[in-house]
1. Quick check on segment 28-61: of everything there that is more than 30 Å from the chain's Cα centre (by Cα) and of a type in the set (K, R), which residue is modelled with the highest pLDDT?
2. With modelled with pLDDT under 75 and either surrounded by 10 or more Cβ atoms within 10 Å (Cβ to Cβ) or within 30 Å of A113 (Cα to Cα) (or both) as the only criterion, which of A75, A64 stands out?
Amino acid sequence: MTSLSDLELAQVETVLRQRLAELANHAPVAVRSPDEISVVTVHRPTGRARRAGVIAAVTALIGAGGFTTYSFLGASNNGGAATPAEGVADFVSAAEHEDVLGMIDMTLPEEVATLRAAIDSIVADAKRIDVLDTGFD
């Protein structure tokens, strides 16, 4: 650490004195006694109102936690069916309606995202080169 020269110390002292003088200009002019200061009371909910607010807040937190847990633990259906017979029936129904994406949804859940992305890519390329109409769904 270097020390300041006498000239630098004088400059720092001058700046500090100027800043203190400016600060003094912002100070209140009159000093008030505690009796002159008005005190305003704020109405805070007590009793039932406070209890209702706490119950509402706890209920909201429990609801948010439950929704988050439900969302993370299986609310999404990535494909497949509840039974093999239902899966075959849904697959055949989708094929009859020419619903390729519906057929893909009946495959293994791990493969659905990949197959859907492939079909979407093929459709986008076909629309780009005017093989399919832009209104194709």
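The values are calculated or read from the model by the stated rules, or taken from the named source; none is laboratory data. None of these values were measured; they are calculated from a predicted model. All Cβ positions, glycine included, derive from the backbone under ideal geometry; neighbour counts span all protein chains shown.
1. Among them, the one singled out is R48.
2. Step by step, each of A75, A64 is checked, and only A75 is modelled with pLDDT under 75 and either surrounded by 10 or more Cβ atoms within 10 Å (Cβ to Cβ) or within 30 Å of A113 (Cα to Cα) (or both).
So that you can scan it fast, the table gives a plain yes or no per residue for (1) at pLDDT 75 or above; (2) surrounded by 14 or more Cβ atoms within 10 Å (Cβ to Cβ):
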{"position": "E96", "(1), (2)": "yes, no"}
{"position": "G102", "(1), (2)": "yes, yes"}
{"position": "E110", "(1), (2)": "no, no"}
{"position": "A124", "(1), (2)": "yes, no"}
{"position": "L132", "(1), (2)": "no, yes"}
{"position": "F136", "(1), (2)": "no, no"}
